[in-house]
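The values are calculated or read from the model by the stated rules, or taken from the named source; none is laboratory data. All values reported here derive from a predicted model rather than from experimental measurement. Don't worry about glycine lacking a Cβ; one is built from the backbone with ideal geometry, like all the others, and counts go over all protein chains shown. Areas reflect the complete protein model, heavy atoms only, side chains present, ligands, DNA and RNA absent. Shrake-Rupley method; radii C 1.70, N 1.55, O 1.52, S 1.80 Å.
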Amino acid sequence: MKKIGVMTSGGDCSGLNAAIRAVTLRACDLGIQVLGFRQGSIGLLNRDYVNLTPKKVSYEYLMKGGSVLGSINKGNPFQYLTDEGIHIDVTAEIAASYKALELDVIISIGGDGSFSIMHSLMKKFDMNVIGIPKTIDNDLSCTDYAIGYSTSVQVISDCIDKLQTTAESHQRIIVVQVMGRDAGHLAIAGGIAGGADIILIPEVPYSMNVVAAHLKKVFRSQKKFAIVVVSEAIKTVDGSSVMVMDEVNNRPRYDGSAAYIANLIERHTGLETRPVVLGHLQRGGSPNSFDRLLASQLGVYAVDLAVQEKFGQVVVTQNNAIAHVPIEHTINTYNHVNVHGNLIHTARGLGICLGDA
Ligand code: F6P
């Protein structure tokens with residue numbers, strides 16, 4: 001093991017730089033060179049990299065949000081978009097770069113999209129890959145936590161703290177839209193931590209009659225305001241998701257669930273309601289200590305796996321221990337919120353309405 005490549009890809013989050021730092025420190029300590037590729041696999045394609053050294057990855061990497069290497073969530077090398085606007089397969093060029101740079105392994109810090117691409121590259125070419133999970137959505141299978149999730153939950157509960165006071169002053173309902181893609185992990189955890197009255201997630205079908213009845217009950221009590229947390233991916237009455245068209249990338253993306261629910265709440269209850277979209281605030285800023293620690297553990301473990309030549313694996317956390325599983329196990333099934341799990345039970349136990357009967 002002489003040379004490791006490291007890259008971040010997919011949506012960014014807090015804690016990526018702490019993982020880059022851990023990989024670098026561990027590898028360099030073992031006499032292994034580390035190349036950090038800019039903008040994920042595109043950096044490997046263009047041989048655009050930085051030599052990472054212990055001096056470079058100072059303590060500031062623990063504190064810094066985003067990724068010093070940059071990240072990309074539309075860089076699928078099997079369908080690379082050229083300047084001419086056509087999609088081509090550039091994976092052979094990527095494999096050629098891997099060989100020319102004499103890499104022994106790529107450590108990919110990514111989510112399910114990045115891991116699917118890495119898995120396909122690994123199958124098609126003679127390339128070694130190890131994954132480190134990151135995603136604020138926490139929707140990757142086989143790991144209890146992915147880097148970035150905990151900080152994002154913190155951001156959500158901090159924002160709800162602020163919204164509670166303005167909702168109370170104005171005796172209003174505030175509907176808070178949180179990210180999470182097709183899973184409600186961020187909503188359920190952030191909503192519980194922030195003291196929400198209602199939490200709507202894609203995994204639990206809701207009825208507006210139930211939501212309206214609960215809000216009326218809240219307003220009949222001493223407490224004449226309410227916080228409703230909604231996942232971006234909740235369904236409308238006709239069963240579709242609330243989406244807008246991303247014109248630049250020509251693809252739909254989630255947005256509008258808070259406005260949709262706020263409007264229905266006003267119609268059903270006559271109570272003044274405002275939507276708030278937390279958006280990319282959930283992906284920014286300094287990682288909390290949980291994510292710094294997690295990123296450090298996973299980074300060190302990933303290098304150790306590389307040294308043992310255990311390739312094609314993702315480093316995960318399971319029941320408070322660090323383990324590893326084959327990449328395909330993390331991408332074959334999507335990790336939804338377990339409707340019989342602890343967080344749902346906790347929410348119900350706290351009297352939080354989940355919109356179901
Ligand atoms: O996967 C992370 C995530 O932040 C999702 O929660 C969200 O749906 C999506 O990325 C937003 O992507 P973009 O930054 O491309 O708008």
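For the reader, a short list of remarks on this structure follows.
- Taking Cα atoms only, the orientation of helix 16-29 departs from the longest principal axis of the chain by about 30 degrees.
- Candidate aspartates and glutamates for bridging to K56, where Cα separation is under 16 Å - those fewer than 8 sequence places away on the same chain excluded: D29
- When the Cα convex hull of region 123-166 is projected onto planes of every orientation, the mean area is 4.4 nm².
- Computed over the chain, the quotient of the alpha carbon radius of gyration and 2.2 N^0.38 Å is 1.06.
- Stretching T53 away from Q79 to a fully extended chain increases their span by 6.1 nm, per 0.36 nm per residue minus the current alpha-carbon distance.
- Rounded to the nearest 10 degrees, the inclination of helix 185-194 to the longest alpha-carbon principal axis of the chain is 50 degrees.
- Accessible area of the chain belonging to carbon and sulfur atoms, whole % at 1.4 Å probe: 51 percent
- In terms of packing, defined here as the mean over residues of other Cβ atoms within 10 angstrom, the peptides 22-30, 74-82 line up highest first as 22-30, 74-82.
- Over 23 Å between alpha carbons, listed pairs K74/K123; K3/K124; K64/K310; K74/K162; K2/K310; K3/K74: K64/K310; K74/K162; K3/K74
- Judged by the ratio a/c of the largest to the smallest principal axis of the C-alpha gyration tensor, region 6-60 counts as oblate, that ratio being 1.5 or greater while a/b is no larger than b/c.
- Taking θ as phi - 60° and the Karplus parameters 6.51, -1.76 and 1.60, the scalar couplings of region 303-314 work out to 5, 4, 4, 4, 4, 7, 6, 8, 8, x, 10, 10 Hz in sequence order, x denoting glycine and proline.
- When each of the peptides 180-189, 3-12 is scored by the mean number of other C-beta atoms lying within 10 Å of its residues, the order from highest to lowest reads 180-189, 3-12.
- For a straight C-alpha distance cut-off of 16 angstrom, the aspartates and glutamates reachable from K217 (same-chain residues fewer than eight places away being disregarded) are E168, D197, E266, E272, D356.
- Counting only alpha carbon atoms, the long axis of helix 112-124 and the longest principal axis of the chain meet at about 30°.
- DSSP beta bridge pairing in the chain, given as percent antiparallel to the nearest 5: 35 percent
- Extension gain for M1-K310 works out to 110.1 nm (0.36 nm per residue, less the C-alpha to C-alpha distance).
- The stretch between H170 and D158 holds 2.4 nm of extra length on full extension. This uses 0.36 nm per residue minus the Cα-Cα distance.
- For GluC sites (Glu not before Pro), the sites in region 157-251 that DSSP calls loop and that have at most 13 other Cβ atoms within 10 Å are E247.
- Efficiency of FRET from Cβ geometry, R253 and E93, R₀ 25 Å, rounded to 0.05: 0.30
- Descending by average beta-carbon neighbour count within 10 Å, the peptides 45-53, 171-179 line up as 171-179, 45-53, the highest first.
- Listed values for region 252-269 are Karplus-derived 3J(HN,Hα) couplings in whole Hz (6.51 cos²θ - 1.76 cosθ + 1.60, θ = phi - 60°), namely x, 9, 5, 5, x, 5, 5, 5, 4, 5, 4, 4, 5, 5, 4, 5, 7, 10, and x replaces Gly and Pro.
- Value of relative contact order over the chain, rounded to a whole percent, pairs C-alpha under 8 Å and six or more apart: 22 percent
- Label-reachable residues, region 63-88, where backbone N falls under 19 Å from a point 7 Å from H280's Cα toward its Cβ: 64-76
- Charge dipole (debye, nearest 20) of the chain; +1 at Cβ of Lys and Arg, -1 at Cβ of Asp and Glu: 700 debye
- Inter-probe distance in nm under a simple model that places probes 7 Å from Cα toward Cβ, at N342 and T236: 3.8 nm
- Global form of region 21-155, assessed from the alpha-carbon gyration tensor, a/c cut-off 1.5: oblate
- Label point 7 Å beyond Cα of E272 along Cβ direction - residues of region 145-185 with amide nitrogen under 18 Å: 163-176
- Cα gyration tensor category, rounded, prolate or oblate, for region 151-244 with a/c compared to 1.5: oblate
- Only beta bridges with both residues in region 1-125 are counted; by DSSP, about 40 percent of them are antiparallel.
- The amide H of T143, built 1.01 Å from its N in the peptide plane, has no neighbour under 5 Å, considering only residues 5 or more places off or on other chains.
- Antiparallel DSSP beta bridges within region 51-197, percent to nearest 5: 25 percent
- Per residue solvent-accessible surface (Å²) - the chain, probe of 1.4 Å: 44 Å²
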